[in-house]
1. Any idea which residue in the stretch 11-23 is farthest from ARG87 (Cα to Cα), counting only those that are part of a strand (DSSP E or B) and open to solvent by less than 60 Å² (accessible area, probe 1.4 Å)?
2. What's the number of the condition PRO3 fails, among (1) modelled with pLDDT of 95 or more; (2) surrounded by fewer than 17 Cβ atoms within 10 Å (Cβ to Cβ); (3) not small (Gly, Ala, Ser)?
3. Considering only the stretch 83-121, state which residues are out of contact with any helix residue (DSSP H, G or I) (no Cβ under 7 Å at 6 or more places or on another chain), of a type in the set (S, T, N, Q) and in a strand (DSSP E or B).
4. Which one of these does VAL263 not meet: (1) part of a loop (DSSP other than H, G, I, E, B); (2) surrounded by 21 or more Cβ atoms within 10 Å (Cβ to Cβ)?
5. Report yes if THR81 is of a type in the set (Ser, Thr, Tyr) and open to solvent by less than 60 Å² (accessible area, probe 1.4 Å), otherwise no.
6. Looking at (1) β-branched (Val, Ile, Thr); (2) open to solvent by 80 Å² or more (accessible area, probe 1.4 Å); (3) in contact with a Leu (Cβ under 7 Å, 6 or more places away or on another chain), find the lone condition where VAL126 falls short.
Amino acid sequence: MLPFDQRTGHIWLDGGLVEWADATLHVLSHGLHYASSVFEGVRVYGGSPFMLREHISRLRSSARILDFDLEHSDDALHTATLDVIARARIAEGYVRMKAWRGSEVIQTAALKTSVRTSIATWEIPVGYYAAADALDQGISLRSAEYRRPSPRYAPVKSKAAGNYMIGTVSKNQALRAGFDDALMLDDAGNIAEATGAHIFFTKAGILYTPTTRCTIDGITRACVLELARRGGIPCVVGDLAPGFVAEADGAFICGTACEILPVARIDDHRYEPRGNDVIRRLITDYHDLIAGRSTVEVPHTWAQ
């Protein structure tokens, strides 16, 4: 895959479109040194960004949790995203929105820095997140060394770059061990999520998923919960001990990038993803939702 710094096209940066190679930041930017940066990923289907308003709202909320605000309105970011997608002629792709503190000050306190903002988009190649046959074969998860921190110790509700550091380390370790991703526990030792996606389990026709006490409030997760509610699939949201992995008869992860992906293995425990009717139904319903063929409306709980 072509490295991102060698691509061509245009990126929206601080209020206007610039050439891809010119969308740069200084090496002494506060966001680079102190992780004062937040981001969102948005999927594009048929040339239209899916749940864009919700993602923009969450981006603003994430910034405020890190004690800064976006310097552009929601409407301006919405229009800019549509412009970037149209200019790149993206039909099926991904948008990365980013906001970070600038380079005026390099010290822990950052009250006098500017806030930079960028929006970029690209097509998603096959196998970008998982193997092309992952929908049928499922993916594998390995229990991670690190845990998601308590909300008392970290700004876990912000989609902040710094919160993904342990996810990167954990997924790297999982890949080296021959797995596709890592399963992370929370500070209390209960199941939390994968490194960049929420996790659901099935057991006797019922959905089970952890709370978001130590994680962001997922937009795709909200879609799954609403699809389940409308489809009459019972769902239990609560603490799940690691032992629940062996009690469940199926599992899947969900997120903007991965959509809904069945899980075939967690450590030494295996599931048969192709025979799980609940997961197959949710995958079908989610594809209908993103294609505009569904009447399901997901509550916009991220609005400010």
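The values are calculated or read from the model by the stated rules, or taken from the named source; none is laboratory data. Everything numeric here is computed off the predicted structure, so don't read it as measured data. Every residue, glycine among them, receives a Cβ derived from its backbone with ideal geometry; neighbour counts consider all protein chains shown. Each accessible area value is taken on the protein alone, full model and side chains, heavy atoms only, with ligands, DNA and RNA left out. Shrake-Rupley method; radii C 1.70, N 1.55, O 1.52, S 1.80 Å.
1. Taking the candidates together, the pick is LEU13.
2. (1)
3. If the condition is that a residue be out of contact with any helix residue (DSSP H, G or I) (no Cβ under 7 Å at 6 or more places or on another chain), of a type in the set (S, T, N, Q) and in a strand (DSSP E or B), then THR117, SER118 are the ones that fit.
4. Only one criterion in (1) part of a loop (DSSP other than H, G, I, E, B); (2) surrounded by 21 or more Cβ atoms within 10 Å (Cβ to Cβ) is unmet by VAL263, namely (1).
5. Against the criterion (of a type in the set (Ser, Thr, Tyr) and open to solvent by less than 60 Å² (accessible area, probe 1.4 Å)), THR81 qualifies.
6. (3)
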